[in-house]
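This report concerns only the one structure given below.
The values are calculated or read from the model by the stated rules, or taken from the named source; none is laboratory data. What you see is a predicted model, and the numbers here were worked out from it, not measured in a lab. Cβ atoms come from the backbone with ideal geometry, glycine included; neighbour counts cover every protein chain shown.
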Amino acid sequence: MRPDGFGGMAVLVTADAIKGKSTEDILGDFLDEAEHGPLAAAPGLGVHVLLRLHEAKVRAQITQIIEADETLTPIAAGAVTDADIHAGCLVVVERMELTEAQDSAVFKAALSAIHEAEQRLAPAR
């Protein structure tokens, strides 16, 4: 782990498989279990994350934006601190309205589930 980083991961190595999860994924599992009980991983009770805003990706985008348009700002990409990025992400999370995108995802998931059921129930040929 980097000294300026947060989080971590766990890896389980067995004779049959290697499994790993980030601490972010583990926390998501805990939250899902807290909301839906210990059977949260059972089909029909899961919660699926559609969007995560990673500050490292924002950092990379800043560099690309500033390099692509020198007239955008007089500051160098390196002048944007991790605190600036964190604050910027909080502003976007607070102001962004994703209800329409979420409704669309729910509708598409419902259609996909119907299609899966049709395939499962189709007579074998």
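Within the range 1-19, the set of residues being more than 16 Å from the chain's Cα centre (by Cα), modelled with pLDDT of 75 or more and not β-branched (Val, Ile, Thr) comprises Ala10, Leu12, Ala15, Asp16, Ala17, Lys19.
Can you report the number of residues in the range 66-113 which are of a type outside the set (Gly, Ala, Ser) and assigned to a helix (DSSP H, G or I)? Residues in the range 66-113 being of a type outside the set (Gly, Ala, Ser) and assigned to a helix (DSSP H, G or I): 21 in total. The number of residues in the range 78-105 being of a type in the set (Ser, Thr, Tyr) and at pLDDT 90 or above comes to 2. Taking first residues from the range 95-106 that are under 15 Å from Arg52 (Cα atoms) and partners that are modelled with pLDDT under 90 and small (Gly, Ala, Ser), no Cβ contact under 6 Å between residues at least 6 apart in sequence or on separate chains turns up. Among the residues of the range 49-63, those that are farther than 17 Å from Ala79 by Cβ and either free of Cβ contacts under 8 Å to residues at least 40 places away in the same chain or not in a loop (DSSP other than H, G, I, E, B) (or both) comprise Val49, Arg52, His54, Ala56, Lys57.
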